[in-house]
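Notes for the one structure printed next.
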Amino acid sequence: KTSEFADIKKTPIPLWELTDLRHYASMSIQFSRGCPFHCEFCNVTTLFGNRPRIKTIEQILAELNSLYNIGWRGSVFFVDDNLIGNKRYIKTELLPALIEWKKNKIGTTFYTEASINLADDEELMQLMVKAGFDMVFIGIETPDEKSLDECGKKQNKNRDLLKDVKRIQQAGLQVQGGFIIGFDNDTPSIFKRQIDFIQKSGIVMANVAILQAPTGSKLHERLKREGRLLGQMGFQVVDSVTNFIPNMDLDTLQEGYKEIMRYIYSPRHYYHRIKTLFLEYKPLKIDIPKSIKNTLSLLRSIYYLGIIGKERFHYWKLLLWTSIHRPELIPLAIRLSIYGHHYRKIVEMNLH
């Protein structure tokens, strides 16, 4: 055991050639480890530190080239917990290098995770979009200021989170959002507040979870002192369990969680969020390579969603609206429809 963090400048290039690319929707690379923030429920700073440690630009380009050279033309996920933890370096080194790398390359897009203060930096967002980023995951957590204060999410406090999301979308980045219920401060009113925020935001893929306390987090330490821990946390994408005794009645919390998930992933409300996104979203033109795989995906979506699917009315309604108002976004409309179909199946399977 060592108290020192690993030197990621010594990380070797993954052996991508050992993977069967047909089985992956995206590939992952990592530029930095660590996060400058100290959210109570998060153990990232315990695992990786609060000072972002970075790879060299040469390392990142070598990883991207190795992926591109074996034929990958899909999306690449920068799995950094907060890519913009070192804004200055990202703006002056990484993004300019990615912009240069992208020249004369078709198909590769990027997405990542970042903090909400991304919305404060127009230049940074423009550079990200120019470099090929089209989506960012942001931990919104909750619209409740007291709960944000409780969990130490200071970067989300005293700001108009809804307006921030719109600003990021208008810059050309879709926003995936993380939301949490079950803070000590939460009351049953939080369920409707979360639903209202998600629907108004145009965050199509909203990941909602009941608060859990991972080992190594400040929350885990506090709950252990208070005698409220119940065991290890769960790891399902959609899960109504928690590993501690909440302030709110557990049955009320679990039923409220199920209510949120069923509401936001019902066809009517899910497709409505896609339209809400499209009213704001201003992406750069992305060249999507023509392929048999993409053509088959289109045909499958028409059959499963547009012909035999329960959501077929909403599917065709969205495609008609998009073809009239935002025809350049039809491929994205189809892709988001497919995502929603799969996420709905997960919700139905896990929330009995």
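The numbers here are math on the coordinates, done by the rules we state, and not lab data. Please read these numbers as outputs of a predicted model, since none were measured by experiment. Virtual Cβ from ideal backbone geometry, glycine too; neighbours counted across all protein chains shown.
Tabulated data for the structure shown
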read-out	value
Additional length obtainable on full extension of the chain from I57 to R225, 0.36 nm per residue less Cα span	56.1 nm
Whole-number percent relative contact order across the chain, with pairs defined as alpha carbons under 8 Å at least 6 apart	14
Net charge contributed by nearby residues that have their C-beta within less than 13 Å of E93 (K/R +1, D/E -1)	+2
Residue-count net charge about G152 - beta-carbon cut-off 9 Å; Lys, Arg +1, Asp, Glu -1	0
Under 25 Å from the Cα of K163 - lysines, other chains or at least 8 residues apart	K87, K91, K130, K146, K153, K154, K192, K200, K275, K282, K285
Residues whose placed amide H lies under 5 Å from that of S75, excluding near-sequence neighbours	M27, T109
Stretch gain in nm, segment T215-N43, where the contour uses 0.36 nm per residue and the Cα spacing is subtracted	61.2 nm
Reduced Cα scattering model of the chain, Debye log10 I(q)/I(0), q = 0.11 Å⁻¹	-0.81
Built amide H within the under 5 Å cut-off of Q176, gap 5+	V136, F137, I138
Under 5 Å, built H, 5+ apart or other chain: amide partners of G152	E40
Relative contact order for the stretch 22-80, counting Cα pairs under 8 Å that sit 6 or more residues apart, in percent	50
Rounded FRET efficiency, nearest 0.05, which uses the C-beta distance separating K293 from E17 and R0 of 25 Å	0.80
In nm, spacing of pseudo-spin labels at K146 and S66 (7 Å Cα→C-beta vector)	5.1
Per the chain, cysteines lacking a partner by the 4.7 Å Cβ criterion	C35, C151
Cβ charges +1 (Lys, Arg) and -1 (Asp, Glu), total dipole of the chain, debye	940
